[in-house]
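What follows is a single structure, written as structure tokens, with notes after it.
The values are calculated or read from the model by the stated rules, or taken from the named source; none is laboratory data. In this text, all values refer to a predicted model and were calculated from it rather than measured experimentally. Cβ coordinates were reconstructed from backbone atoms using ideal geometry, including for glycine residues, and neighbour counts include every protein chain displayed. The area values use the complete protein model at the heavy-atom level, side chains included, leaving out ligands, DNA and RNA. Shrake-Rupley method; radii C 1.70, N 1.55, O 1.52, S 1.80 Å.
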Amino acid sequence: MGSAIKIPKSPISHPQFHRLLLAWFDRCRRDLPWRRSRDPYAIWVSEIMLQQTQVATVIPYFQRFLEAFPTVADLAAAKESEVLRLWEGLGYYRRARDLHRAAQQIIADHDGRIPQEPAVLAALPGIGRYTVGAILSQAFDQRLPILETNSQRVLCRLFGQRGDPRRGGTRRWLWEMAEALLPARRVGAFNQALMELGALVCTPTAPRCEACPVYALCTARRRGIQEQIPERSDPPAAVAIQEAAVVLYRGRRVLFVQRPQQGRWAGLWEFPHAPLEKGERPEETAARLLPQLTGMDGAIRSELLTLRHSVTHHRITMICFQAHYQGGSFRSDFYRRARWVAPAELKAFPVSAPQRRVAQFLLQPNRQLNLF
Ligand code: SF4
């Protein structure tokens, strides 16, 4: 694919492009908390949170995180469970674990200072080429490009580039173009302006070309092909999965188990759950999974609630049962640890969003009356 890609030369005047884009950014940019400082630590946290997550969702998480861990040293000294707890609901928990490990490496190997050498920064966990460019251009005005969904859409349209921006030759062309376009000064502002234009004006569908500061320079707009760029492939088909989960009571406490350190939701706590096997009814799965996953026996009593949630292209329906402990002690090839916890204490544990909904359900006042 690489050699077949037509590489358009830049048809625009770079100084004019810089002037128009930066003037628009100065006028129209959103006032976001991480834009109020050039602290590389705050920029780094915001950039990691913004991966795969909307700006509006990130703002309260960012503020809580910076209040709890105002410096790299505070983050490095925190327990992993505290970091995960503050990340709860943002998803993609690996980002939080990598951030925490990288902070510890910065303290151990870099005197507590975020490295300003791109290759050194890129060697830290969870920091790729985009994050290196974002941190170093915004905090130190280093002349480094960035490329993410918004800026790549703007560049493809600006130059009429029709290839798939995630692949091969188009991907390489995009990085080259993002670098070639950089101004001599205000590089961080320029990078943010490209992303901001993609977020606010040059949107995936129905771009607002009439409000665009670089309208006169745009190839896709001139040819009327802006809605066809960039090329999009169909998302994978949704897969429906049914699961059963068990809230196992022993007296007034419930069994809570910790997932392994690898894989999805690594290190988070949960009520044990498993997918239904072929031909199995949910209550049969519930009865099977307790001894299989925890080594304990329980009498399945009643259905508590049904939750629906999505993980990537999986649409998961989880039916939760209440059960009462009958015997056995914790033994598992999957879970790392188990605790018996009063429902009111579950809020101290880092859990995934659907599991938090189960924990909150257990605290409903009417439900407490009906428990025993
Ligand atoms: Fe995007 Fe339209 Fe601006 Fe071109 S003119 S960059 S398509 S908003």
Assess whether Ala299 counts as being closer than 17 Å to His273 by Cα, of a type in the set (A, V, I, L, M) and more than 33 Å from the chain's Cα centre (by Cα). yes
Complete set of residues in segment 163-192 that are of a type in the set (D, E, K, R) and either open to solvent by 60 Å² or more (accessible area, probe 1.4 Å) or within 16 Å of the ligand (Cβ to nearest atom) (or both): Arg166, Arg167, Arg171, Arg172, Glu176, Glu179, Arg185, Arg186
The lone exception for Lys347 - which of (1) part of a strand (DSSP E or B); (2) within 30 Å of the chain's Cα centre (by Cα) it fails: (1)
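Considering only residues that are in a loop (DSSP other than H, G, I, E, B) and away from the ligand (no atom under 16 Å from the Cβ), which ones fall in segment 215-242? Quick ask: steps written out before the conclusion?
So the first thing to find is which residues in segment 215-242 are in a loop (DSSP other than H, G, I, E, B), and the list is 218, 224-225, 229-238.
Selection gives Ser233, Asp234, Pro235, Pro236, Ala237, Ala238.
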Selection over segment 261-275 where residues are out of contact with any helix residue (DSSP H, G or I) (no Cβ under 8 Å at 6 or more places or on another chain) and either outside any loop (DSSP other than H, G, I, E, B) or charged (D, E, K, R) (or both) yields a count of 1
Which residue, of Ala245, Ala266, is of a type in the set (Gly, Ala, Ser) and either in contact with a His (Cβ under 8 Å, 6 or more places away or on another chain) or within 16 Å of the ligand (Cβ to nearest atom) (or both)? Ala245
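Regarding Arg259, is this residue under 22 Å from the mean Cα position of the chain (by Cα), away from the ligand (no atom under 16 Å from the Cβ) and touching a residue at least 40 places away in the same chain (Cβ under 8 Å)? I'd like the intermediate steps shown before the answer.
Numbers: under 22 Å from the mean Cα position of the chain (by Cα): yes; away from the ligand (no atom under 16 Å from the Cβ): yes; touching a residue at least 40 places away in the same chain (Cβ under 8 Å): yes.
Yes; evaluated as a whole, the condition is true for this residue.
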Restricting the first residue to segment 274-303 and requiring it to be farther than 18 Å from Leu255 by Cα and open to solvent by less than 50 Å² (accessible area, probe 1.4 Å), which pairs with a second residue that is assigned to a loop (DSSP other than H, G, I, E, B) and of a type outside the set (Gly, Ala, Ser) meet a Cβ separation below 9 Å and a spacing of at least six or different chains? Pro282/Leu276
Kindly indicate whether any position in segment 193-214 is away from the ligand (no atom under 11 Å from the Cβ), hydrophobic (A, V, I, L, M, F, W, C) and either within 30 Å of Phe361 (Cβ to Cβ) or assigned to a loop (DSSP other than H, G, I, E, B) (or both). no
